[in-house]
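Here is the structure we will look at.
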2 protein chains.
Amino acid sequence: MRCIVNGMLVWERPEPPERPTPAPLSRERIVRAAIRLADADGLDAVSLRKVATALEVGPMRLYGYIDGKQELLDLMVDAVHAEIRPSGDGWREVLRSLAEATRHAAHEHEWLADLLGGRPQLGPNALAGGEIVAAALGGVDVDAVMPVAGAVNAYVIGAVRREIAERRAERATGLDKKRWQALLGPYLERAFATGRYPALETVVRDAAHLNADETFRIGLDCLLDGIEARIAQ
Amino acid sequence: MRCIVNGMLVWERPEPPERPTPAPLSRERIVRAAIRLADADGLDAVSLRKVATALEVGPMRLYGYIDGKQELLDLMVDAVHAEIRPSGDGWREVLRSLAEATRHAAHEHEWLADLLGGRPQLGPNALAGGEIVAAALGGVDVDAVMPVAGAVNAYVIGAVRREIAERRAERATGLDKKRWQALLGPYLERAFATGRYPALETVVRDAAHLNADETFRIGLDCLLDGIEARIAQ
DNA sequence: CCCTCCTTCGATACACCGTACTGATCAATA
DNA sequence: TATTGATCAGTACGGTGTATCGAAGGAGGG
């Protein structure tokens, strides 16, 4: 029974089925693979199966490290939070830096826009960012810190989502900006032709079209101005 | 060939398969059914199949009215926009009303938070809302209208998403607020115990916990204050 | 030292999704 | 009336997240 199995000596007995060297796995490797997929082909391209395949592993292996797809998405977001390190002197600069850094991260990882604000951010990297902000706001009334930081965060979430949504819509039309305007233009033209949106029409026609950077900064400045006025009192 | 098919006289030939009275369909009926599903069980419960089943119709019937699931979602959002009619005297009141109405709509249709800001809103109801805002901002510099309205919109999107996300997280824990704090509390406790978030810790510990209404209003007021200052100049 | 039990793990399988395809049906035309 | 063309909707495909369960490996007792 030790040297003979099924009546075959070792020599004729086939080797065990060549266990394919269980690929070493870790939460970090999984998240990195998922982010790579999302960066390349968008969030829809992130499926547990594709991630597992990229790591040369069966789908269910992942469940040893994460408890479902949602947790993977949470980990992805927190991983990006590691790249968002607000800095600067004084609360205003720190908040502005937080906003710009978040926007920058979303430019590099467009899928972030789909996830921003979708769940409470409690990962270590998000908390670390919160710590920096809280420290920078140390000088102001303790009761004002949360609502103020929350307001900036809210603005950033919405502004980034809008911006990315618009960028994607442009890209979906044709690949250049000309096509987009060539398609949206006529649509709005027809909408305006109904005469139901006169004020909107004059705004769209007569207003200078600001680029995304300026638009983002103007809104942010307004918010920070308002916060400053409130905090100063 | 007229009265005899397959060698069977009418008398023995079965009736045609009792076409189940093709249910009358319309984009509106489809959207209403989808919204009903989403209100009841969240956005994940909205599938073309479930919508079709609710309307007693095959899944592919829907494709005569919409071009895919994304268009259905767009229609759902625009349908809710019909309930968001900003009103009031002066641009500030109109913008505040827009914000509150959007938030209110998201309270009644939580799934709206998942969609807000996800795509450009170009439906007739969204445009109608834009028209009201544009008209209310008629007095101010034309170049300022878009960035200002956009900033408020961005804030609302982010604030609403955050609020709904938090509400859902609470609900997911146990069904009451006690459970949520009982679970989040210890988690933050342990996080704080690492000593890596001292400033955050004092804020969370010492600050008064504002309710969602107040938090939303404070951020909105800050933003509107900042806008007012910028417009006045 | 061998056998058994228990735990751990991951492949299989399920229920469901969005929608491409295609066969059938109906209206209009020759 | 016969034929053609367009229109419609059911079937089926390729994919998803994950529950389930059988097999493999380690630990403990005889």
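A short reminder: the numbers here are calculations on the coordinates, not readings from a lab. Note that the structure is a prediction, hence the values are computed from the model and not measured. Methodologically, a virtual Cβ is constructed for each residue, glycine included, from the backbone with ideal geometry; neighbour enumeration extends over all protein chains shown.
Between the helical axis of A:27-41 and the dominant principal axis of chain A, each derived from Cα atoms, what acute angle in degrees is found, rounded to the nearest 10?
Value to nearest ten degrees: 60.
Run down the aspartates and glutamates and flag those whose C-alpha is under 16 Å from the C-alpha of B:Lys69, throwing out any fewer than 8 positions away in its chain.
Partners within reach: A:Asp44, B:Glu28, B:Asp44, B:Asp78, B:Asp114.
Using a label position 7 Å from Cα in the Cα→Cβ direction, what is the ascending list of nm distances from B:Ala208 to the same site in the other copies?
Copy-to-copy label distances for B:Ala208: 4.3 nm.
Have a look at A:Gly90, A:Gly139, A:Gly185 and tell me which one the Gaussian network model of chain A (Cα, springs below 10 Å) gives the largest fluctuation.
Greatest mean-square fluctuation among the candidates belongs to A:Gly185.
Between beta-carbons, use under 14 Å as the cut-off and find the net charge around B:Ile30, counting Lys and Arg +1, Asp and Glu -1.
+2
Counting only other residues whose beta carbon sits under 15 Å from that of B:Arg96, what net charge do I get with K and R as +1, D and E as -1?
Working: positive: B:Arg85, B:Arg92, B:Arg103, B:Arg217; negative: B:Asp89, B:Glu93, B:Glu100, B:Asp213, B:Glu214, B:Asp221, B:Asp225, B:Glu228.
Cβ neighbours under 15 Å give a net charge of -4.
In nm, what does the list of distances from A:Gly185 to its counterparts in the other copies look like, shortest first, when each label sits 7 Å along Cα to Cβ?
Nearest to farthest, the other copies are at 6.2 nm.
Considering only the label points, 7 Å along Cα→Cβ from Cα, what distances in nm to one decimal separate A:Thr53 from the same position in each other copy, shortest first?
Copy-to-copy label distances for A:Thr53: 2.8 nm.
Could you list B:Met146, A:Met76 so that the one with the fewest beta carbons within 10 Å of its beta carbon is first and the one with the most is last?
Neighbour counts put them in this order, fewest first: B:Met146, A:Met76.
With chain A treated as a Gaussian network of Cα nodes joined by springs under 10 Å, which of A:Leu200, A:Leu184, A:Leu55 yields the largest mean-square fluctuation?
Per the Cα network of chain A with a 10 Å cutoff, A:Leu200 tops the list.
Around A:Leu62, under 12 Å between beta carbons, what's the net of Lys plus Arg minus Asp minus Glu among the other residues?
Charge balance in the 12 Å sphere: +4.
So if each residue of separation counts as 0.36 nm, and I subtract the Cα-Cα distance between B:Glu214 and B:Thr202, what length gain in nm does that give?
Gain in length upon complete extension: 2.2 nm.
Can you give the angle from 0 to 90° between the axis of helix A:90-108 and the longest principal axis of chain A, with both taken from C-alpha atoms, to the nearest 10?
The angle comes out at about 60 degrees.
Would you mind ranking A:Leu48, B:Leu98 so that the residue whose beta carbon has the fewest other beta carbons within 10 Å leads the list?
The most exposed by this proxy come first: A:Leu48, B:Leu98.
Give me A:His107, A:His209, B:His109 ranked fewest to most by other Cβ atoms within 10 Å of their Cβ, as a rough exposure proxy.
A:His209, A:His107, B:His109
Comparing A:Arg36, A:Arg85, A:Arg49, which has the greatest mean-square fluctuation in the GNM of chain A with Cα pairs linked when under 10 Å apart?
Largest GNM mean-square fluctuation: A:Arg49.
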